[in-house]
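The values are calculated or read from the model by the stated rules, or taken from the named source; none is laboratory data. Since the structure is predicted, the reported quantities are computational estimates derived from the model, not experimental observations. Note: areas computed on protein heavy atoms with side chains; ligands, DNA, RNA excluded. Shrake-Rupley method; radii C 1.70, N 1.55, O 1.52, S 1.80 Å.
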Amino acid sequence: DISGSAVSGPGGFTRGTSISGFSDLYVAPLLLNWAGQKQHFTFKMAAYAPTGSFDAQKALNTSRNYWTGEIAGSYTYFDPQTGFEVSATAGYLTNERNSDTGYRSGDEVHLDWTVAQHFSKSLTAGISGYFYSQIEADNGTVVGPISASSIKAWSYGLGPVVQWNVPVGDKSMGIIAKALFDIDSSDR
């Protein structure tokens, strides 16, 4: 579900819209893992496939309408004796051009992290955060006085995270709830 609104100046008009639907599909055909007693590493090559709906005439869409490739690595330190965990994932994303608009968002980097305490086998709580930055400016036509070459989005934020592990037969299923709040951002 996506919703948004625009306000035009003091005493001007307000216009809002919302849509629902499937978003782009994330596919990770290469995923390599190594696990030690307290340290775990993961490397992946993945892609976002433009499978959601997109209409260049609409302000909101469930798809970015272009392929994005990602190379990422993850690290987790987890001490089973104390229940303390630190996890981080760093990734590089390269974006293709949107064929309907001719616009190309610049390549991006991100760092996602969590520091958490496992209180039992079923309950974990902590804090998560992220840093995101475009390392390459956008390219294409923008409506109005803005130049695409000046758009390099970035943001960072943090918030609480809670995980419950629920037994399902002889396995368990993890349910994660988190709320991330932007601390600062630009062109996002």
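Per residue, segment 61-127 exposes 50 Å² of accessible surface when a 1.4 Å probe is rolled over the protein heavy atoms with every protein chain present. Using a probe radius of 1.4 angstrom, the carbon and sulfur fraction of the accessible surface of the chain is 58%.
For the chain, a Kirkwood radius taken over Cα pairs fed into Stokes-Einstein (25 °C, viscosity 0.890 mPa s) yields D = 127 µm²/s. Apply the a/c threshold of 1.5 to the C-alpha gyration tensor of segment 93-188 and tell me whether it is rounded, prolate or oblate. Prolate, since a/c reaches 1.5 and a/b exceeds b/c. Phi angles across segment 119-124 convert, under the Karplus curve 6.51 cos²θ - 1.76 cosθ + 1.60 with θ = phi - 60°, into 3J(HN,Hα) values of 7, 7, 5, 10, 9, 9 Hz, Gly and Pro given as x.
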